[in-house]
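Here is the structure we will look at, set down as structure tokens.
The values are calculated or read from the model by the stated rules, or taken from the named source; none is laboratory data. These numbers come from a predicted model, not from an experiment. Glycine also receives a Cβ, built like all others from the backbone with ideal geometry; neighbour counts cover every protein chain displayed.
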Amino acid sequence: MLNKLKLYLFNTASRQKEEFVPLKPGEVKLYCCGPTVYHFVHIGNLRTFVFEDFLCRVLAYNGYQVDHTVNITDVGHLTSDEDSGEDKMEKGAAREGKTVWEVAEFYTQSFWKDWERLNLKQPSRWTKATDYIAEQIDLIQKLETRGFSYTNEDGVYFDTAKFPRYADFAKLDIDGLQAGARVEMIDGKRNATDFALWKFSPSDKQRLMEWESPWGKGFPGWHVECSAMALKHGGDTLDIHCGGTDLVRVHHTNEIAQSECATGHTFVRYWVHGEFLRMSADERGVSKMSKSTGNFLTLDSLLENGFSAMDYRYFCMTAHYRSFLTFSWESLTSAMESLRSLRKKTETLIGQEQTLETAEAFAWLERFHSALNDDLNFPQALAVVNQMLKDDTLDDREKAALIKNFDQVLGLGLTEKSESMDKSISLDDELTALVDERNKARAEKNFKRADEIRDIFKSKGLVLKDSPSGTTWEKA
Ligand code: AMP
Ligand code: ZN
């Protein structure tokens with residue numbers, strides 16, 4: 001039998017690897033910050049969601065029951081961290097000539113499609129910020145009653161001077177921030193680090209998204225939504241809270257301040273942050289993957305270039321989640337080749353698995369598990385997988401069983417034939433239009449045209465499959 005291995009995670013709060021022990025034995029309350037749905041998620045965002053999937057799978061591998069909440073930010077927050085700038089959702093609506101609700105719905109669906117294609121485990125629940133306005137108002141009221149907020153012309157603000165530990169989490173230099181902010185600080189803000197809990201709608205203009213509140217018509221500040229939803233589903237103290245490293249300085253610092261001041265308890269026991277995906281510098285020298293610089297790629301753009309979602313998932317495993325990962329087509333190609341070669345070795349094992357018996361097999365299991373439990377060391381875990389496959393002392397039946405076990409965490413579909421993992425083929429606009437045309441033709445019983453379109457797909461090496469829920473396609 002396998003020894004019970006301890007799980008270690010790097011906790012941003014202590015800047016150390018710590019043994020993970022949940023508050024309630026066997027159960028983990030996990031909250032992950034989700035995307036703002038005013039645009040497509042880019043592969044940088046997806047790196048963070050893939051890392052969070054690794055974490056969920058490792059927790060489950062260690063026998064924990066994971067209660068996992070992911071939010072969808074569909075309230076229009078402002079483009080800067082300082083509660084000023086343009087409203088992101090309104091910007092998206094203006095760009096596309098749609099309502100903010102349509103924009104949110106469209107990009108949420110698109111995000112979920114990526115989620116599925118990357119084989120990310122479904123969370124216990126998705127929470128949309130607009131479904132939790134009452135909870136957010138309730139939280140702000142608690143802060144007001146406890147004397148942590150003040151109201152100015154712009155809205156209701158959290159007074160960070162009332163929370164002496166405010167600077168600790170992100171090791172902020174408050175004096176420096178205070179001095180630097182003097183010029184652009186919103187009128188009526190007492191301290192540079194104070195942040196909006198509720199923003200008033202402008203008196204001369206109707207906002208596309210706004211709600212009534214005890215303080216007047218307006219909308220919640222960005223940070224409030226995560227605290228309200230996390231506290232509702234995770235209780236006053238969560239085991240783990242995740243996000244990308246960019247969220248540490250402002251968003252998570254503010255979540256801690258408002259949650260702890262509202263409840264009087266520690267908000268989160270382990271903060272686990274994923275490092276950024278960068279682009280190799282473009283001709284302008286820009287390497288930051290961001291929507292505002294236009295320097296970003298989506299999962300669809302990878303698929304259009306002949307890669308599969310599993311290639312990207314594998315690519316994410318090639319670097320530790322706390323290291324920068326630099327995207328280039330060359331590095332993605334090399335991940336694709338490594339995955340192909342791995343699949344070639346594992347495909348011959350499919351269906352042969354038997355229960356593990358030998359000490360060698362258990363030793364490989366332990367090596368794999370130790371790599372995972374050492375702060376999710378996936379590059380090391382992949383190395384173990386490849387070394388195990390080369391071990392001549394193991395027979396194929398044990399190798400097959402080990403691969404089946406490992407793939408619970410890797411999630412690469414190594415126990416399935418590769419064609420069935422290629423669900424992720426993306427159609428270009430022309431083929432998508434043909435699928436639509438064919439659906440219409442079938443509805444009108446124009447089977448001649450429907451068959452012609454099927455033949456066009458065939459000539460491109462694709463097979464169309466019709467089912468009551470719609471038409472799917474795969475490689476022939
Ligand atoms: P956003 O939609 O900007 O709120 O981001 C959604 C998630 O993606 C957050 O956890 C961010 O920290 C994370 N994120 C944003 N940009 C990147 C990037 N380039 N690499 C990795 N994660 C990112
Ligand atoms: Zn958040």
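Results, tabulated for the structure shown:
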read-out: Contacts under 7 angstrom Cβ, first residue in segment 232-244 being of a type in the set (S, T, N, Q), partner surrounded by 24 or more Cβ atoms within 10 Å (Cβ to Cβ), 6 or more apart; value: Thr237/Phe267
read-out: Matching residues in segment 196-238 - criterion: being surrounded by fewer than 24 Cβ atoms within 10 Å (Cβ to Cβ), within 16 Å of ligand 2 (Cβ to nearest atom) and charged (D, E, K, R); value: Lys232
read-out: Residue within segment 388-396 that is acidic (Asp, Glu) and surrounded by 17 or more Cβ atoms within 10 Å (Cβ to Cβ) present; value: no
read-out: Segment 49-70, residues that are within 16 Å of ligand 1 (Cβ to nearest atom) and either under 30 Å from Leu402 (Cβ atoms) or in a helix (DSSP H, G or I) (or both); value: Phe49, Val50, Phe51, Glu52, Asp53, Phe54, Leu55, Cys56, His68
read-out: All positions within segment 1-48 that are among the polar types (S, T, N, Q), modelled with pLDDT of 95 or more, away from ligand 2 (no atom under 16 Å from the Cβ) and in a loop (DSSP other than H, G, I, E, B); value: Ser14
read-out: Selection count, segment 239-249, where residues are within 11 Å of ligand 2 (Cβ to nearest atom) and in contact with a helix residue (DSSP H, G or I) (Cβ under 8 Å, 6 or more places away or on another chain); value: 4
read-out: Residue list for segment 77-97, filter: among the small types (Gly, Ala, Ser), modelled with pLDDT of 70 or more and within 14 Å of ligand 1 (Cβ to nearest atom); value: Gly92
read-out: Yes/no for Arg269 being surrounded by fewer than 24 Cβ atoms within 10 Å (Cβ to Cβ), within 20 Å of Leu59 (Cβ to Cβ) and away from ligand 1 (no atom under 16 Å from the Cβ); value: yes
read-out: Selected residue [among the aromatic types (Phe, Trp, Tyr), closer than 19 Å to Met317 by Cα and touching a residue at least 24 places away in the same chain (Cβ under 8 Å)] from Phe362, Phe378; value: Phe378
read-out: Qualifying positions in segment 92-125 - surrounded by fewer than 18 Cβ atoms within 10 Å (Cβ to Cβ) and touching a Ser or Thr at 6+ places or on another chain (Cβ under 8 Å); value: Ser124, Arg125
read-out: Leading residue by the ranking (modelled with the highest pLDDT) among those in segment 284-298 that are of a type in the set (A, V, I, L, M, F, W, C) and either more than 11 Å from ligand 1 (Cβ to nearest atom) or in contact with a helix residue (DSSP H, G or I) (Cβ under 6 Å, 6 or more places away or on another chain) (or both); value: Leu297
read-out: Qualifying positions in segment 305-324 - assigned to a loop (DSSP other than H, G, I, E, B) and either within 10 Å of Leu412 (Cα to Cα) or not aliphatic (A, V, I, L, M) (or both); value: Asn305, Gly306, Phe307, Ser308, Thr318, His320, Tyr321, Arg322, Ser323, Phe324
read-out: Residue, farthest from ligand 2 (Cβ to nearest atom), within segment 267-283, restricted to residues that are hydrophobic (A, V, I, L, M, F, W, C) and modelled with pLDDT under 95; value: Ala281
read-out: Tally, over segment 2-28, of residues that are closer than 23 Å to Leu365 by Cα and free of Cβ contacts under 8 Å to residues at least 12 places away in the same chain; value: 2
